[in-house]
Amino acid sequence: MQTNSYLDYKEIIAETVGKVLPETGLEKQAIYALLEYPPDEKLGDLALPCFQLSKILKKAPHLIAQELAAKIDPAPYFEAVKATGPYLNFYVAPVPLAREVLAKIMTCGSNYGARAIGGGEKIVIDFSAPNIAKPFHVGHLSSTVIGNALYKIFEFLGYNCVGINHLGDWGTQFGKLITAYKKWGSAEAVERDLIKELQRLYVKFHDEAEQDPALEDEARAWFQKIEDGDDEALSLWRWFKEISLAEFQRVYDLLEIAFDSMAGESFYNDKIDAVVNELKEKQLLVESDGAAIVNLDEYEMPPCLILKKDGSSLYATRDIAAALYRKKTYNFVKALYVTGVAQSLHFKQWFKVVELMGYAWAKDLVHIPFGLVSLEGEKLSTRKGRVVLLEDLLRTAIEKTLAIINEKNPGLARKEEVAQMVGVGAVVFGALSVNRIKDVTFSWEEALSFEGETGPYLQYTHARACSILRKAGFSLEKAVLAPEKLNEPAALRVVKTLYLFPEKVLSAANEYEPSIISRYLIDLAHDFNGFYHECQVLVDDPGLQQARLVLVWAVKTVLATGLGLLGIKAPEQM
RNA sequence: GCGUCUGUAGCUCAGCUGGAUAGAGCAACGGACUUCUAAUCCGUAGGCCGCAGGUUCGAAUCCUGCCAGACGCGCCA
């Protein structure tokens, strides 16, 4: 797999400038870091601003730029190197660029952009983590799709990822649920309405408990019974869990997301005492108001709660136990936790506790926060029934897609299959197209928008490219690379954007930010659609047609790869 | 009260490891389908980059203060 080296113009420039200007004493890396992409095509493809050099050389920046322009031989990678004021602008020679980029994509195929930097090391990714007996709603979308995208991105860079669904399958809410079930529920009703019925019972419990606080005690008692291994309590707990998992699975099937481990909170029950003991041995635990805490004053954080005054554990305890278990089991080089930004402090605290326990790998624990999802400006609330179920959203998106297909392309084969890819793709892309950290207000109109910067736009562009290749009977084996024929500005723009893909993938991984790939794909699709309008591909001149077909194939390949990294399908027709 | 994050065009957002005239999409208006899928493309209009200072040759980008919003701050997760 020749996936570790990509043509790197910055590297070439840094090398050349370093040679021409040895007196600056700058390392190649330092020059590399100064290089930037100019704001306008007319100013070339890469630029070296000379202000910093001016300080070192004690010379006006525009003079340095002029001098460098005179000394540097552009060939073979550049067609010109010009000084424009204080900038040294590099104009990439299109033919070598097109040749290198397209040849690379032809040899690598769907591995273009991949690298082997992970060396097979493990990255554990904790994501999705819905709560049992509660609806799987749009609030869970971000964690699920961001986690899945990071999984695919890191695999693409040579890591071995372990996806863990840390299910919320333990806690007093099960006591509440059993209490409500015993009082107002029935096996028939649960079998019939599944999570909807469980949710009804849960809401009912809270309504009733407002009048009758004794219910809370009853709930606690039932949860205690689960913990003590009481047969009835345990079998109800298992039953609720099965019902929930079956329902969650339908959503994961629609999204085509799978996990390597479904070890939820309950999995760590027998691993918590050891953590508490270890904290005691390491003299990190302090008693405070009857609870056991780790004091973090020194680090300007509130204390981390380890045990309640009744001696039971808290979620930080469970998270620490899980981290220790995962380190031992997987020996990860990084463990990512994809959860809402609201939990930032919690992660900062228990990461610090792990560090204080003496584990150097505490630095490998990374919280990947994302913004809050609200509904028409109001918080989602299971109890108030103010939620949009993810499954409803996905199914509505699929239905809408099917309607559009019936209107625009009624003869399409396997419509339902395509409708699912596109409808789901629209929803997934919507969640991955903006910076993670932004809060979002869910809107049906936006979630079901298929025009402009959307998933369907990317898929449509991909399908268009496929359509051309199909009509031309294109085959990669017989393809002829003819970069000199791709000389229209629109074609060159596409080539230049294709060149950027590997570095975008790398940035997305470094910043844990799938939206970098989303934005890139929008650019690529846009450039391609511009080319599509300006340049007819299926033309009489066989040489020209062949040259353009290779470009179309390359775009199709990169779009499919990029969409794949986001967890989105790329249908060949739609 | 303390802390974290966010504030860019009417709306949703890029750009934020400082650099050349601040970019998209949606909505509005005007154009482009007998030609490779118009879920597309092109054009017009739309901006004291929250406010005020500071650092710098240069600030949407860095620092400080303020304003607005979101979230968090001990026995839920």
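The values are calculated or read from the model by the stated rules, or taken from the named source; none is laboratory data. What you are looking at is a predicted structure, and each value in this text was computed from that prediction instead of being measured. Backbone-built Cβ (ideal geometry, glycine too); neighbour counts: all protein chains shown. Accessible surface is based on the protein model in full, side chains and every heavy atom, while ligands, DNA and RNA are left aside. Shrake-Rupley method; radii C 1.70, N 1.55, O 1.52, S 1.80 Å.
Annotations
- For region A:12-52, the fraction of alpha-carbon pairs in successive 5 Å shells from zero, as %: 5, 24, 31, 21, 12, 6, 1
- Ratio of Rg to Rh over region A:466-554 (Cα coordinates, Kirkwood Rh, two decimals): 1.03
- Under the criterion of Cα pairs below 8 Å and six or more residues apart, the relative contact order for chain A equals 15 percent.
- The share of Cα pairs per 5 Å bin across region A:314-381, counted from zero up to the longest distance, runs 4, 15, 24, 23, 13, 8, 6, 5, 2, 0 percent.
- Cα lying deepest toward the dipole's positive end in chain A, options A:Ala246, A:Met421, A:Phe501, charges on Cβ: A:Phe501
- Counting heavy atoms of the protein chains alone, A:Phe450 has an accessible area of about 40 Å² for a 1.4 Å probe.
- Split the accessible area of chain A by element, probe 1.4 Å, and carbon with sulfur accounts for 49%.
- Of the Cα atoms belonging to region A:9-92, the radius of gyration and Dmax stand at 11.3, 31 Å.
- For A:Cys161, the residues whose amide H sits under 5 Å from its own are A:Ile123, ignoring neighbours fewer than 5 places away on the same chain, with H placed 1.01 Å from N.
- Positive dipole terminus of region A:9-92, leading residue within A:Tyr77, A:Leu43, A:Pro22 (C-beta point charges): A:Pro22
- Debye-formula intensities of region A:222-352, expressed as log10 I(q)/I(0) at q = 0.17, 0.20 Å⁻¹, are -1.12, -1.32 (one equal scatterer per alpha-carbon, no solvent).
- Average Cα contact separation per residue, region A:390-566, under 8 Å, 6 or more apart, as relative contact order %: 26 percent
- The percentage of C-alpha pairs in region A:22-179 whose separation is greater than 26 Å is 58%.
- Overall, region A:390-566 carries a charge dipole of about 460 debye about its Cα centre when +1 sits on the Cβ of Lys and Arg and -1 on the Cβ of Asp and Glu, all other atoms neutral.
- Rounded to two decimals, the Cα-based Rg/Rh of region A:390-566, with Kirkwood Rh, is 1.00.
- Entry note: region A:346-435 has Rg to Rh equal to 1.23, where both radii use alpha-carbon atoms and Rh is the Kirkwood radius.
- Estimated from helical segments only, the mean residue ellipticity of chain A at 222 nm is -17500 deg cm²/dmol, where each DSSP H run of four or more residues counts as -39500 (n - 2.57).
- Hydrophobic, long helices, defined as DSSP H runs whose alpha-carbon span along the helix axis is 24 Å or greater and whose mean Kyte-Doolittle value is at least 1.0, occur in chain A at A:415-432, A:542-566.
- Taking amide H as placed 1.01 Å from N in the peptide plane, A:Val440 has its amide H under 5 Å from the amide H of A:Leu372, A:Val373, A:Ser374, each at least 5 places away in sequence or on another chain.
- Area accessible to solvent at A:Asp260, 1.4 Å probe radius, in Å²: 90 Å²
- Charge dipole (Cα centre; +1 on Lys/Arg Cβ, -1 on Asp/Glu Cβ; no other charges) of region A:187-316 amounts to roughly 220 debye.
- Rounded to whole Å, sorted largest first: equivalent-ellipsoid semi-axes of chain A, Cα gyration tensor: 51, 33, 18
- Rolling a 1.4 Å probe over the heavy atoms of the protein chains gives region A:9-92 an accessible area of 54 Å² per residue.
- Once the mean of 1/r is taken over each pair of separate Cα atoms and inverted, region A:110-161 shows a Kirkwood hydrodynamic radius of 12.2 Å.
- Counting only Cβ charges, +1 for Lys and Arg and -1 for Asp and Glu, the dipole size of chain A around its Cα centre is about 1300 debye.
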